[in-house]
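Take a look at the structure below.
Rule-based calculations on the coordinates, nothing more; no lab input. None of the values given here were measured: they were computed from a predicted structure. Cβ atoms come from the backbone with ideal geometry, glycine included; neighbour counts cover every protein chain shown.
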Amino acid sequence: MMFQHIRKDHKLLVTIVKRDQAKKVMKAAKKAGCDGGTIMLGTGIGVHEKKKVFSIDTLYEKDIVFNIVPEDLLPDVIDEINSIVKLNKKGRGIGFVLDILKTIGMAHMDYEEIEKGALDILTDNLKHDGFDLIITIVNKGDAGEVIDASKRGGAEGGTVINGRGSGIHEKAKLLSINIEPEKEIVLTIVKRDITKDVLQAIEREVHIDEPGKGIGFVLPVEETIGMPHLSKI
């Protein structure tokens, strides 16, 4: 089969807002048709925030929101977030969009997914000796399984970040209040020539394609530092 016109079905929308604004971002994204997202906690400073208080460096609490968005829905999702969160106003936050090379764990989607064998085609214009970042988002307690599977696929390890989020299969409420289950986000840097092996290991051993198990996606890495042993392989 020829893959001359491969459609990249998903984009990663990253939104960074003030603490406790993530729920508004999530609500807006879902209203526009997005299935869900993942929220992480962080700190930072923006151009409109005071850098020092009483000569002490200041960092402000932030929410970082990941939304996997079908490409055809992306304009609507961005417009809805701008409408509700007002990101186009000074000091309200920022957002940016990244290409995704491949997704796993989205079997419920009813639109066309990239062909299983198309990952090599998508990376033809990238350095074949380069790196990819695999981001896997799973329920709390499952990160160890992801790292173990990744190692069996050829990866050297991974980094775990805690977060919270909701997906299409998570509708729990308590006293009419939405409950956002705790999540673990696993970051794995791999050589591009083993990306498929690692993804297949995660799919096979973590059963990430089953409803409610999680989601994973691949981002291209332009350059790495601190990994000389891999760069020489």
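Pairing residues of the stretch 65-86 that are in a helix (DSSP H, G or I) with residues that are surrounded by 22 or more Cβ atoms within 10 Å (Cβ to Cβ) and of a type in the set (Val, Ile, Thr), at Cβ distances under 6 Å and at least 6 apart in sequence or on separate chains, gives Val77/Val69; Ile81/Val25; Val85/Val25. Taking the criterion of being under 22 Å from Phe217 (Cα atoms) and of a type outside the set (Val, Ile, Thr), the residues of the stretch 89-103 that qualify are Gly95, Phe96, Leu98, Asp99, Leu101, Lys102.
Filtering the stretch 25-44 to residues that are buried (at least 17 other Cβ atoms within 10 Å of the Cβ) and more than 19 Å from Ile185 (Cβ to Cβ) leaves Ala28, Lys30, Ala32.
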